[in-house]
Amino acid sequence: MQALSRETLVALAMENPANRALLALLPTLELPQGMLTAGCLFQTVWNLQSGRPPQWGIKDYDVI
């Protein structure tokens with residue numbers, strides 16, 4: 001498998017509706033350095049690369 005560009009990685013992660021919703025909500029929380037992290041991003045990309053739906057198997061979404 002070839003390495004993904006930053007743009008491709010972000011585009012794939014945004015195919016998960018929950019990721020999109022959380023990223024739209026984060027600025028309204030006024031957290032100076034709030035970020036969506038970890039498994040929900042990795043798992044979405046992995047799911048899409050392996051032919052699964054974007055949200056498959058994701059149990060939680062981490063914001064730090």
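The values are calculated or read from the model by the stated rules, or taken from the named source; none is laboratory data. Only a predicted model underlies this, so the values are computations on that prediction, with no experimental measurement involved. No Cβ is skipped: glycine too gets one built from the backbone with ideal geometry, and neighbour counts run over all protein chains shown. Just so you know, the surface numbers come from the protein's heavy atoms only, side chains and all, with ligands and any DNA or RNA stripped out. Shrake-Rupley method; radii C 1.70, N 1.55, O 1.52, S 1.80 Å.
Couple of notes before you dig in:
- Apportionment of accessible area to carbon and sulfur, the chain, percent (1.4 Å): 61
- Count Lys and Arg as plus one, Asp and Glu as minus one, and take only other residues whose Cβ is under 14 Å from that of Ala38; the net charge is then -1.
- Of the peptides 50-58, 3-11, the order by per-residue mean of other Cβ atoms within 10 Å, starting with the highest, comes out as 50-58, 3-11.
- In the chain, helices alone account for a calculated mean residue ellipticity at 222 nm of -12500 deg cm²/dmol, with every DSSP H run of four or more residues adding -39,500 (n - 2.57).
- Most mobile of Ala24, Ala38, Ala13 in a GNM of the chain (Cα contacts under 10 Å): Ala24
- A simple charge model with +1 on the Cβ of Lys and Arg, -1 on the Cβ of Asp and Glu and nothing else charged puts the dipole of the chain at about 160 debye relative to its Cα centre.
- Correct choice for Rg/Rh (Cα atoms, Kirkwood Rh) that was computed from the model, options [x] 0.90; [y] 0.98; [z] 1.10: [y]
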